[in-house]
Amino acid sequence: MGDSNVVACPSCKKKNRVPVATAGKPQCASCKAPLPWVVDATDQTMAGALDTQQLVLIDLWAPWCGPCRMVAPVLEQLATQYAGRITVVKVNVDDSPQSAPKTTPAAFPR
Ligand SMILES: [Zn+2]
C-alpha cells in the first residue's frame, strides 16, 4: 500500500492520491472538494496518521476476520459521508501488531 491511498472524489469522480499523514485535510486536486480520507496505516506510519485535527476512526482489522471485512465498506461510506470531518485509519494488525495496544490517547499525546 505504501504511504498513500487512491480515492475517487465524491463530487467529480477524479482519482486522487491521499496521504496517510498530511497537515490539514486532503482535497480534490480538481474541484477542491474534501476527499474521503481512508488510509492504511502501519506501525511505522500510525503516529503520523493520528496527527490530525480531524476525528479519527481506527479500524483494527485482520485478513482472517470475517466481521472486519463486513465492516470495511461501512467505514468507507462513513468516510465519504463525513469527508473533511473524519479520517478512517485502517490497521492490519497481522502486519502491524504493535499498533493495537498503542491506539489510546495516552500513547499518542497531541
Ligand atoms: Zn473533485
Members of segment 1-21 found to be surrounded by fewer than 17 Cβ atoms within 10 Å (Cβ to Cβ), in a loop (DSSP other than H, G, I, E, B) and either away from the ligand (no atom under 16 Å from the Cβ) or in contact (Cβ under 8 Å) with a residue 24 or more places away in the chain (or both), listed by number: Met1, Gly2, Asp3, Pro10
Of residues in segment 22-52 being surrounded by fewer than 20 Cβ atoms within 10 Å (Cβ to Cβ) and closer than 13 Å to Thr80 by Cα, the one nearest to the ligand (Cβ to nearest atom): Ala33
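Considering only segment 9-45, how many residues are of a type in the set (Lys, Arg) and at positive phi?
Selection size over segment 9-45: 2.
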Condition broken by Leu78, with the remaining ones in (1) part of a helix (DSSP H, G or I); (2) under 17 Å from Ser4 (Cα atoms); (3) hydrophobic (A, V, I, L, M, F, W, C) satisfied: (2)
Evaluation of Thr80 against (1) in contact (Cβ under 8 Å) with a residue 40 or more places away in the chain; (2) in contact with a strand residue (DSSP E or B) (Cβ under 7 Å, 6 or more places away or on another chain) (one fails), failing number: (2)
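Rule-based calculations on the coordinates, nothing more; no lab input. Note that the structure is predicted; figures quoted are calculated from it, not measured. Every residue, glycine as well, gets a Cβ built from its backbone with ideal geometry; the counts of neighbours run over all protein chains shown.
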